[in-house]
Amino acid sequence: MLEQCRTARERWGGVHQLIDKWLDQRRELLVSYVELKDTCDAELKTVSKELVDHFGELLIDYVSAGHFEIYPQLREEARAFGDHQALEIAAMLLERLERTTELVLAFDADYATPSRCEQSLPRLPAWLDRLAKGMSERFALEDQLIARLHAANMPLSELPDD
């Protein structure tokens with residue numbers, strides 16, 4: 001997942017400050033995930049509510065930024081350039097992204113309070129595995145969304161040769 005993050009940053013990092021910030025959030029989220037996963041794998045009983053909260057906050061912030069900042073801006077750019085095919089693709093991708101949003105919200109609910117966190121702690125390894133799979137799919141879909149909607153706005157002279 002970290003390699004996907006680097007690749008996306010290299011490919012889209014200069015596109016727009018908002019996307020740059022969002023890709024930085026993605027990287028921070030992945031670092032937090034690895035820290036939580038490593039702690040969980042080493043000794044589940046040592047996982048603190050603070051560590052789970054930090055990861056959960058980054059997760060919610062990342063997903064929220066996508067839904068309320070990035071996706072609307074990308075759609076607006078496609079609209080401005082009259083790329084109806086890109087908008088149709090965006091609608092399909094956004095529908096698929098909704099599944100991982102629901103997964104993130106369910107995780108947040110399971111670990112929201114100290115008592116719920118304590119009750120859910122034994123399920124944390126399984127949750128992290130589900131989140132890794134869901135977020136990996138989400139990152140790939142988001143990268144497709146950026147690629148398709150941004151490509152509609154790039155002059156032909158700036159399109160990559162690959």
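The single residue among Arg79, Arg99, Arg75 that is among the basic types (Lys, Arg) and within 17 Å of the chain's Cα centre (by Cα) turns out to be Arg99. One residue alone among Ala112, Ala106, Ala91 is under 21 Å from the mean Cα position of the chain (by Cα) and outside any helix (DSSP H, G or I), and that residue is Ala112. Tell me whether segment 87-102 contains one or more residues that are modelled with pLDDT under 90 and β-branched (Val, Ile, Thr). Yes; the residues of segment 87-102 include at least one that is modelled with pLDDT under 90 and β-branched (Val, Ile, Thr).
When Thr101 is tested against (1) within 28 Å of Leu149 (Cβ to Cβ); (2) crowded, with 18+ Cβ neighbours inside 10 Å; (3) in contact with a helix residue (DSSP H, G or I) (Cβ under 6 Å, 6 or more places away or on another chain), exactly one condition is not met: (2).
The values are calculated or read from the model by the stated rules, or taken from the named source; none is laboratory data. Predicted model, so just to flag it, every value in this text is computed and none were measured. When we count neighbours, we look across all protein chains shown, and the Cβ atoms used for this are built from the backbone with ideal geometry, even at glycine.
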